[in-house]
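The values are calculated or read from the model by the stated rules, or taken from the named source; none is laboratory data. Keep in mind that this is a model prediction, so the values were computed, not measured. Cβ atoms come from the backbone with ideal geometry, glycine included; neighbour counts cover every protein chain shown.
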Amino acid sequence: MRRSQRNLILAVLLVVGAFTVGRYFIHRPTTSSTTSTTVTTSSTSVTTTPPSSTTTTAAPSLTTCRGSQFTGTNIGSQGAAGTGYDVMSLTKVSGNSCVVDGYPIVTLMNAKGALSGFVLSNSTNFPSAPANAAPVAYTVQSGQKIEVQLRYANIAAGTQACTSVSQVHVQFVAGDNPVSVSFAYPISPCASAVGVSGFYPA
């Protein structure tokens, strides 16, 4: 084979090889890379606890003392400068605790019943405490004692008459059953005005 023919064949082969390689690079499949991004959302759960309710339990209210819960005794009387003082003691014998507050309602009596003609008024005009202080509320338990005092004129002035008093009824409230207090030695107020102390602890 002549040299020129050989060169021609070689040139043709080079052209064909170059064409084939070019087609390979042109048509080579491309691989696409897909990146997957995962977004994680953190869910925060908030629990609201309502404030606990506070229940206030009120202390049970105590009732006013009643006459049916007490018995009465006369402690005795004393006097000076024409004025007599008599002390009555009331003992709680039944029922739950109760409250005394203020002045008693007092009725003077003799063997025939209630005496009229006397004016009883609340007073602090007594020689010693606690009868000479304004009354305050306090609780009385079963077995405890409270006292009340009377003040009266025990010497007649002019034509005044002195009336014998052998018993006293003491009430805690109007319309209540009275506590009866009998005097072994009757007192004899000689004027219409009689002072009554407030309840006070014995």
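Considering only residues of region 88-110 that are in a loop (DSSP other than H, G, I, E, B) and either among the small types (Gly, Ala, Ser) or on the phi > 0 side of the Ramachandran plot (or both), which is surrounded by the fewest Cβ atoms within 10 Å (Cβ to Cβ)?
Taking the candidates together, the pick is 94.
Can you tell me which condition residue 197 does not meet? The list is (1) closer than 24 Å to residue 81 by Cβ; (2) surrounded by fewer than 18 Cβ atoms within 10 Å (Cβ to Cβ); (3) under 36 Å from the mean Cα position of the chain (by Cα), and all the others hold.
(2)
Suppose the filter is more than 35 Å from the chain's Cα centre (by Cα) and crowded, with 18+ Cβ neighbours inside 10 Å; does residue 85 pass it?
Spelling it out, residue 85 is indeed more than 35 Å from the chain's Cα centre (by Cα) and crowded, with 18+ Cβ neighbours inside 10 Å.
Restricting to region 111-125, and then to whatever is surrounded by 11 or more Cβ atoms within 10 Å (Cβ to Cβ), under 25 Å from residue 184 (Cβ atoms) and of a type outside the set (A, V, I, L, M), can you tell me which residue is modelled with the lowest pLDDT?
The residue in question is 118.
Among the residues that make up region 105-121, is at least one of them in contact (Cβ under 8 Å) with a residue 60 or more places away in the chain, of a type outside the set (Gly, Ala, Ser) and touching a Gly at 6+ places or on another chain (Cβ under 7 Å)?
No - not one qualifying residue is present in region 105-121.
So, in region 143-156, how many residues would count as being out of contact with any strand residue (DSSP E or B) (no Cβ under 8 Å at 6 or more places or on another chain) and in contact (Cβ under 8 Å) with a residue 40 or more places away in the chain?
Number satisfying all stated conditions: 1.
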